[in-house]
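Engineer: Please see the structure below; I have some questions.
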Amino acid sequence: MPANLPPQYFETEKKLKAATTPEEKINVLEELLSIIPKHKGTEKIQAQLKTKIAKLKSEAKKKPTTAHQGPTHGIKRSGAGQLIFIGLPNSGKSLLIKALTNADPQVSDYPYTTTSAYPAMMKFEDIQIQLIDTPPLSPDYMEIWIPEIIKISDGVLFILDLSTSNSVPLLESIIHKLGENKIGFYPKIPPEDKINHFFYKKAVIVANKNDTANAETNLNLLNDFLKSKFPLISVSAKTGDGLTELKKSIFLMLEIIRVYSKIPGGKTELENPFTLKKGSTVLDMARAVHKDFSLKLKFARIWGKNTYQGQKVKRDHILEDEDIIELHI
């Protein structure tokens, strides 16, 4: 059946060439979607427009945010997840943020250089993850808004200094201090004996400055203390050692999967994947693309590591990282 698109559609389509931002493109695409006749001959074009809109909205969410002036009590979430960097004075948090991202936080050899929350975007393969640098904590002082941004985050990375032997007692004091603010931490699985009204966050310990003189000795002390209670990653923000492993650990902390869309008869969109929580289904993917897809979805075809290529699956099929999905409505 022919599409029979009206002249108004083609006139509006010309606006796409002039649109420069995701927001402008979304407005044009939504206008096209409202103009297009709704019949069987235009179903494929409608699906293409809806997929483009969903991807542009995802792209807009992933745009890097910039630091605000002065103390920041909340940061707008961006990217596939938001993780908070917590550390002691001179632990190297800001240098680590700089090494992991394209951001340029203030870095110096004297303590308390960071005075407000500083958001930056870390690229991991084909997604962006938001990292938040915070003012240093000490056993005696903590900015009152730090517990609040931790509570709404996806997890915490504790940055410790391997050039000093007092990392263990200082880590204990920070965990205790945050506990007074009803924040608890766990490595992988939340504790079964949760305390009421506590906020439990996944945590990873990052032992920075492994290029310094006493780093190996201090790392052993830290390992003995933790006894595998939390993942421990040894890095050097200065030399770059361990940063690849750290990026992978940050991705795994989020417990998400990346899913790529494929329009029937078209090419796979391998840029800006949809990010979903582990355990998500084909139906969840359809909802992420457009609410109409979830209502009209009949089945999907999947290309993945644990399925035969192009396998037909139902709406409740559990997706895995890097699956390619072709939705049929």
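Engineer: Going through region 274-291 one residue at a time, which ones are modelled with pLDDT of 90 or more, surrounded by 18 or more Cβ atoms within 10 Å (Cβ to Cβ) and part of a loop (DSSP other than H, G, I, E, B)?
Structural biologist: Scanning region 274-291 gives a single hit, S280.
Engineer: I've got another one for you. I need every pair where a residue in region 241-253 that is on the phi > 0 side of the Ramachandran plot and assigned by TED's automatic domain parsing to the domain that holds I97 has its Cβ under 6 Å from the Cβ of a residue that is in a helix (DSSP H, G or I) and of a type outside the set (S, T, N, Q), sequence separation at least 6 or different chains.
Structural biologist: If the second residue must be in a helix (DSSP H, G or I) and of a type outside the set (S, T, N, Q), no pairs are left.
Engineer: Is it fair to say L295 is of a type outside the set (S, T, N, Q) and modelled with pLDDT of 90 or more?
Structural biologist: no
Engineer: Quick one: is D316 farther than 30 Å from A203 by Cα and either assigned to a helix (DSSP H, G or I) or in contact with a strand residue (DSSP E or B) (Cβ under 9 Å, 6 or more places away or on another chain) (or both)?
Structural biologist: Spelling it out, D316 is indeed farther than 30 Å from A203 by Cα and either assigned to a helix (DSSP H, G or I) or in contact with a strand residue (DSSP E or B) (Cβ under 9 Å, 6 or more places away or on another chain) (or both).
Engineer: Look at region 105-129 and say how many of its residues are of a type in the set (A, V, I, L, M, F, W, C) and either modelled with pLDDT under 60 or exposed (fewer than 14 other Cβ atoms within 10 Å of the Cβ) (or both).
Structural biologist: The qualifying residues number 1.
Engineer: Right, next: Can you go through R301, R258 and tell me which one is farther than 30 Å from N90 by Cα, over 25 Å from the mean Cα position of the chain (by Cα), in a strand (DSSP E or B) and touching a residue at least 24 places away in the same chain (Cβ under 8 Å)?
Structural biologist: Exactly one of R301, R258 is farther than 30 Å from N90 by Cα, over 25 Å from the mean Cα position of the chain (by Cα), in a strand (DSSP E or B) and touching a residue at least 24 places away in the same chain (Cβ under 8 Å), namely R301.
Engineer: Restricting attention to region 133-170, report how many residues are under 24 Å from S228 (Cβ atoms), touching a helix residue (DSSP H, G or I) at 6+ places or on another chain (Cβ under 8 Å) and in a helix (DSSP H, G or I).
Structural biologist: Qualifying residue count for the region: 3.
Engineer: What residue, of K151, K209, K227, K182, is on the phi > 0 side of the Ramachandran plot, modelled with pLDDT of 90 or more and surrounded by fewer than 19 Cβ atoms within 10 Å (Cβ to Cβ)?
Structural biologist: K182
Engineer: Please give the number of the condition S294 fails out of (1) touching a residue at least 12 places away in the same chain (Cβ under 8 Å); (2) surrounded by 18 or more Cβ atoms within 10 Å (Cβ to Cβ); (3) outside any loop (DSSP other than H, G, I, E, B).
Structural biologist: Exception for S294: condition (1).
The values are calculated or read from the model by the stated rules, or taken from the named source; none is laboratory data. Because the structure is predicted, anything quoted here is derived from the model rather than measured. All Cβ positions, even for glycine, are placed from backbone atoms using ideal geometry, and neighbour counts span all protein chains on display.
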